[in-house]
Amino acid sequence: MYRHKLLISLVFALLVAACSTSPTGRPQLITKSDAELIAQAESTFNAYRSTLPLSTNRAKIDFVACVTEAVVAELEPPYSDIEWELAIFEDKQVNAFAMPGGKIGVYTGILEVTENEHQLAAVIGHEIAHVTARHVNERASRGTLTGIGIEALAVIMGGGYTGGAYTASQVMNAGAALGLQLPMGRGQESEADVVGLEYMAKAGFDPRAAVDLWQNMAAKAGKVPPEHLSTHPASETRIENLVSQWQKTLPIYNQALADGKEPACRKTW
Ligand SMILES: [Zn+2]
């Protein structure tokens, strides 16, 4: 009798786990523990920080921190309750990532593509949306994370900086296990675009700038190795998806401006 009850509650737990919905209302299969992924993300983030050179350029640090703080300030619980951490890596990769638990990494290379604070906010909003929409958990639940793309990562990080406590290949494997360096599924990418636009607009950044960003990214894509952000060039579909959100996000942006939110984050170099 007791065993029977236990089994029922286990089945129930599985059903509950399987019935999550994403921020855009998409049904999500979530079976992994967020806590476990957050712990994994934390050690991976520490590995990145101790392995890759951190930027010492004050102007770049201030610019990225200003935009990130403004976007993070618009999040809702539970994501407004966590302490978001930001690391800015001195690296020419055109890339950025955000990990479960609120760890954000930005490579200075992306600042050559983002022409202003609005375009950087589009990047930050997109990356944060991957976290709030639990995309890493979703991929882990599908069992599609570990071991993916080691080879692709070797191209990006091979012969990388090894002055830290971790070797480049250790960091690489940790990053691959979380799927950080790879494009997520198409559904997840467009969801991150949509949710990210809302975050940037709420913070007082112009959501139309996301179109410029992805066009710049596509123009640069031929010159840089494949990475999470630049692997998918700005396809027509992506641009259409972004433009289709203007009707919803422009009023949010205008309201933010009316509320006096106009983050003074400027590129000063
Ligand atoms: Zn993405």
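The values are calculated or read from the model by the stated rules, or taken from the named source; none is laboratory data. Not measured: the values here are computed from a predicted model. In this analysis, Cβ positions are derived from the backbone assuming ideal geometry, glycine residues included, and neighbour counts consider all displayed protein chains. Accessible surface is based on the protein model in full, side chains and every heavy atom, while ligands, DNA and RNA are left aside. Shrake-Rupley method; radii C 1.70, N 1.55, O 1.52, S 1.80 Å.
Numerical summary
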item	result
Estimated distance in nm for a label pair at S43 and S235, the labels positioned 7 Å out from Cα along Cα-to-Cβ	3.6
Interchain or long-range residues, amide H under 5 Å from S20's placed H	Q28, I30
For L54, residues with placed amide H under 5 Å, excluding near neighbours	E90
5 angstrom amide H check on L86, placed H, neighbours 5+ away	I104
Exposure ranking of I61, I38, I104 by accessible area [1.4 Å probe, largest first]	I38, I61, I104
Qualifying GluC sites (Glu not before Pro) in region 48-128, DSSP loop, other Cβ atoms within 10 Å at most 14	E83, E115
Links that overshoot a 21 Å alpha carbon limit, given the list K220/K248; K92/K202; K103/K248; K60/K92; K92/K261; K103/K261	K220/K248; K92/K202; K103/K248; K92/K261; K103/K261
